[in-house]
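The structure appears right after this line, and notes come after that.
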Amino acid sequence: MNFLVTAGSTHAPVDRVRCVTNSHPGRAGTVVARTAWGRGHTVTLVTSRPDALLEHGINPRDPGERFSVLPYHTYDELTSILQNQLRVTAFDVVCHAASVGDYLSGGAFTPASGTFFNARTGQWEARTGAPTLAKQAADKINSAEPELWVRLLRAPKLADRIRHPWGFAGLLVKCETEAGLSEQQLVDAAEASRQQSAADVIVANTVEGEAHWAYLGPVGDRYERVTRRELPDRLVLALEDLYQKRT
C-alpha cells in the first residue's frame, strides 16, 4: 500500500520568533511510518521532526527506497502539504497522527496607555476614555512590553477536511487524545470522533495513560485496548486486513 503519515506538532506564529504550540510531541506517526515501511509499504512521512527518524535507523535526508520525508513547521504548511499531496498522489492510507494545534494566532496586542485589564471583574477598563488595545505587527515584538495579549482563533480540524473537500477515498486513520475520561467514555468519544471525520479507524488515548496504552478500533466491530509498544504493528496489520477486504 501507499501510506501518507503525519507526525510531529504544529506551530502557530505570533511573530517571526514566537509561536503558539502544544506540549504533545506527536511521536506516534513516526513509529507507524517506520513500521509500515518495514512491512514493505511505500511511505510519505509529513513531519515537523524529521530527525526523530534517526531513532529508528532511518536517515531523514536519505531515507531510501519507498520512503519520502516532507518537513513542516506551521499549521498552514501542514495544511498546504496535505492538500497538495492528496491532489496529486493516489494514497491507499492516510494516517493522520500529527498533534495539530486547536488554535491559531489572530494577532498580538498590548494595552494602550491608561488601559488595563481588571482581573477581578474580567473586563478591560481605562483611566480616561474607552479602553484600547494596540496591535503589534513587528517581526519581533518588543520584549520590553509589560503585557502581550495574543488572540487565539479556533483552527479548522484537518482530519475533517481529508474526505471533503480534499476528496480522499482510501483508508483514513484518525488519532484522538482526551483527558479525564474513563476508558468507556474514551471509547464512546473516539467512536463519535471517528464518525465525524468519516475515518475507518481511530487510535484513542488519554493524557494520563498515553505512555502505556491506547484503544484501537473498530477492529472486527470492536475496540481493542493495546499497549503503546504493540500499537504500530497492530494498526498496520489491521489496515492491511481492511485493504484486502476492500480490494
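The values are calculated or read from the model by the stated rules, or taken from the named source; none is laboratory data. As the structure is a computational prediction, the values presented were derived from the model and not from experiment. A quick note on method: Cβ atoms are made from the backbone with ideal geometry, for glycine too, and the neighbour counts reach across all protein chains shown. Note: accessible area is taken over every heavy atom of the protein model, side chains too, but ligands, DNA and RNA are not part of it. Shrake-Rupley method; radii C 1.70, N 1.55, O 1.52, S 1.80 Å.
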Problem set entry | Filtered residues of the range 1-56 (kept if within 30 Å of GLN244 (Cβ to Cβ), touching a His at 6+ places or on another chain (Cβ under 7 Å) and open to solvent by 50 Å² or more (accessible area, probe 1.4 Å)) | ARG34
Exercise. Could you say which residue among ASP233, ASP221 is open to solvent by 70 Å² or more (accessible area, probe 1.4 Å), free of Cβ contacts under 8 Å to residues at least 12 places away in the same chain and acidic (Asp, Glu)?
Worked result: ASP221
Problem set entry | From ASP241, ASP188, residue being of a type in the set (Asp, Glu), out of contact with any strand residue (DSSP E or B) (no Cβ under 7 Å at 6 or more places or on another chain) and open to solvent by 80 Å² or more (accessible area, probe 1.4 Å) | ASP188
Problem set entry | Any hit, the range 159-169, residues being of a type in the set (D, E, K, R), more than 19 Å from SER9 (Cβ to Cβ), in contact with a Gly (Cβ under 7 Å, 6 or more places away or on another chain) and free of Cβ contacts under 8 Å to residues at least 40 places away in the same chain | no
Problem set entry | All positions within the range 49-85 that are of a type in the set (S, T, N, Q) and either in contact with a helix residue (DSSP H, G or I) (Cβ under 8 Å, 6 or more places away or on another chain) or in a helix (DSSP H, G or I) (or both) | ASN59, THR79, SER80, GLN83, ASN84, GLN85
For this session: Evaluate the following for ARG120: is it at pLDDT 95 or above and part of a loop (DSSP other than H, G, I, E, B)?
Result: yes
Seminar exercise, completed: Scanning the range 130-181 for residues that are among the small types (Gly, Ala, Ser), buried (at least 16 other Cβ atoms within 10 Å of the Cβ) and either farther than 15 Å from ALA198 by Cβ or over 27 Å from the mean Cα position of the chain (by Cα) (or both) gives ALA155
